[in-house]
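This report refers to the structure that appears directly beneath it.
The values are calculated or read from the model by the stated rules, or taken from the named source; none is laboratory data. Model, not experiment: these values are computed from the prediction. Here the Cβ positions follow ideal geometry from the backbone for every residue, glycine too, while neighbour counts run over all protein chains shown. These accessible areas exclude ligands, DNA and RNA; they are computed on the full protein's heavy atoms, side chains included. Shrake-Rupley method; radii C 1.70, N 1.55, O 1.52, S 1.80 Å.
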Amino acid sequence: MNKRTMRLATFAITAALVTAGAPAGATQWHDFGPRAMGMGGAGVAIAQGPEASYWNPAGLGQLYNTSGLAFPIGARGEFTGTVLQGANDLNQLAQDCDASRPNCTAAAVGQALSRFGNAGNGAMFDWGGGAELKIKRAVVFVNSLGSVGATPVMDPTNTCPGAGCLSGNQSSLILRGGSFTELGLGYAKEIKETGLILGGNLKGIVGNIGFNRIVVAKSDAEGGSFSKFNDNAKSSFRPGIDLGLLWDARETYSSLPWRPRLGLVARNINNPKFDMPDAAKLAGAGDKYSLEGQVRAGAAISPFKFWHLAADLDLTKNLTAIEGYHSRYLSLGTEINIFNRTWINIPLRAGIKKNLSDTGSGAAYSLGLGLNFLHIIVDVGGQVSAKRTTLQGEGKTEEVPNNFAGAARIAFLFGGKDEGGREKAEK
């Protein structure tokens, strides 16, 4: 490796270290697509094909890569803290107090309010879907990403036990969030056969920001509803910029075993801000909803051509749609390819992820699989947390996982490498 390449590599590593130590806020990272979701949310260093436009645009410029058309979709739900149990208890106590049942006590009401209103409590729903067309090192994509959070606000008044007491309680869930439709172009190029690839996206983003307030102890007709969230929405347009870096060490040192790769991606580095609806402004939520920049690093190795291991780490402490709740994920995953031929392959995936910003959150476990036959790709992936919340009401007990997710994709891909990473030819 010549001196110029060494300087570039040193600059890249230094930039990554500086970024890792810099405080920043951002929106939560999406596990976009079933391959990364099945691998615990690890995708930065193994980004390839059309979905590299999201995970790391530098992945578009690899020497052996797939082109084609992909349609990924996915969704994820999460309950943080004890909000779910508190909201369930408040709703049940409102019915008990109206009927003058013995369950309606000052201690029970106080406990329910405490569970509901703890700092960092909330509920969140994320989703994503898109259409991406990649030809060689370029991609055109339309991706829609969204997140809505419910933040609890506790009302300590109107809590006396007895008939009708909770009917005046204004403990609420504040809904805020939005959907962001990205129309963009991505491109990447390797720097003079060094294995170091730079890539980026230029995109236009239409942000649709919504807001609503739901009073927990009332019926939907009285207290608001989730369906009214879009009634208070407002749309605006902003540009966005993503940058990516990928180093395939095997291309630099041809004798290096296990094909180590390092990746770094920064999304929305220009910090696009979208207009808030009037209802949000009146409630004191501010004038703008910001997609602050996200930075994530990844590493991967391939002990064999059919077996891949990957890890991702958020370098930014990311804001979420839940007020006061942050995310910083560590993701680990593996993929094993059965058959591993250009015309047929069955990838099996597994992974684990943990929010390092929330020590009380449980780890989430994931599985995924696919069928690649004659360049037609069908993939599915799922994720669920080990931690659960127990809900009781009307003589029933139910356990709900604190977070859960699912994703699927159909694609038509062709070119020098299949989704499992098998190369048709060596360099």
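Could we say that Ile197 is modelled with pLDDT of 95 or more, within 21 Å of the chain's Cα centre (by Cα) and either open to solvent by less than 10 Å² (accessible area, probe 1.4 Å) or among the aliphatic types (A, V, I, L, M) (or both) here? Spelling it out, it is not the case that Ile197 is modelled with pLDDT of 95 or more, within 21 Å of the chain's Cα centre (by Cα) and either open to solvent by less than 10 Å² (accessible area, probe 1.4 Å) or among the aliphatic types (A, V, I, L, M) (or both). Of all residues in the range 241-292, those that are among the polar types (S, T, N, Q) and farther than 29 Å from Ile197 by Cβ total 1.
Would you check if Asn268 is in contact with a Leu (Cβ under 8 Å, 6 or more places away or on another chain) and either touching a residue at least 40 places away in the same chain (Cβ under 8 Å) or open to solvent by 10 Å² or more (accessible area, probe 1.4 Å) (or both)? For Asn268, the condition - in contact with a Leu (Cβ under 8 Å, 6 or more places away or on another chain) and either touching a residue at least 40 places away in the same chain (Cβ under 8 Å) or open to solvent by 10 Å² or more (accessible area, probe 1.4 Å) (or both) - is met.
Among the residues of the range 65-92, the ones that are open to solvent by less than 30 Å² (accessible area, probe 1.4 Å) and either closer than 25 Å to Asn355 by Cα or out of contact with any helix residue (DSSP H, G or I) (no Cβ under 9 Å at 6 or more places or on another chain) (or both) come to 13 in all. Take the residues in the range 4-52 that are buried (at least 24 other Cβ atoms within 10 Å of the Cβ), of a type in the set (Gly, Ala, Ser) and out of contact with any helix residue (DSSP H, G or I) (no Cβ under 7 Å at 6 or more places or on another chain), then tell me which one is modelled with the lowest pLDDT. Looking at the filtered set, the residue picked out is Ala26. Look through Cys97, Cys104 and report the one residue that is part of a loop (DSSP other than H, G, I, E, B), surrounded by 21 or more Cβ atoms within 10 Å (Cβ to Cβ) and touching a residue at least 24 places away in the same chain (Cβ under 8 Å). From the options Cys97, Cys104, the qualifying one is Cys104.
Which ones in the range 53-64 are assigned to a helix (DSSP H, G or I) and either of a type outside the set (Ser, Thr, Tyr) or open to solvent by 40 Å² or more (accessible area, probe 1.4 Å) (or both)?
Across the range 53-64, the qualifying residues are Trp55, Pro57, Ala58, Gly59, Leu60, Gly61.
Residues in the range 343-368 that are open to solvent by 50 Å² or more (accessible area, probe 1.4 Å) and part of a loop (DSSP other than H, G, I, E, B): 3 in all.
Within the range 107-135, the set of residues being at pLDDT 80 or above and over 13 Å from Glu51 (Cα atoms) comprises Asn121, Gly122, Ala123, Met124, Phe125, Asp126, Trp127. In the range 321-339, which residues are open to solvent by less than 50 Å² (accessible area, probe 1.4 Å) and modelled with pLDDT of 90 or more? Listed by number, the residues that qualify are Ser327, Tyr329, Ser331, Gly333, Thr334, Glu335, Asn337.
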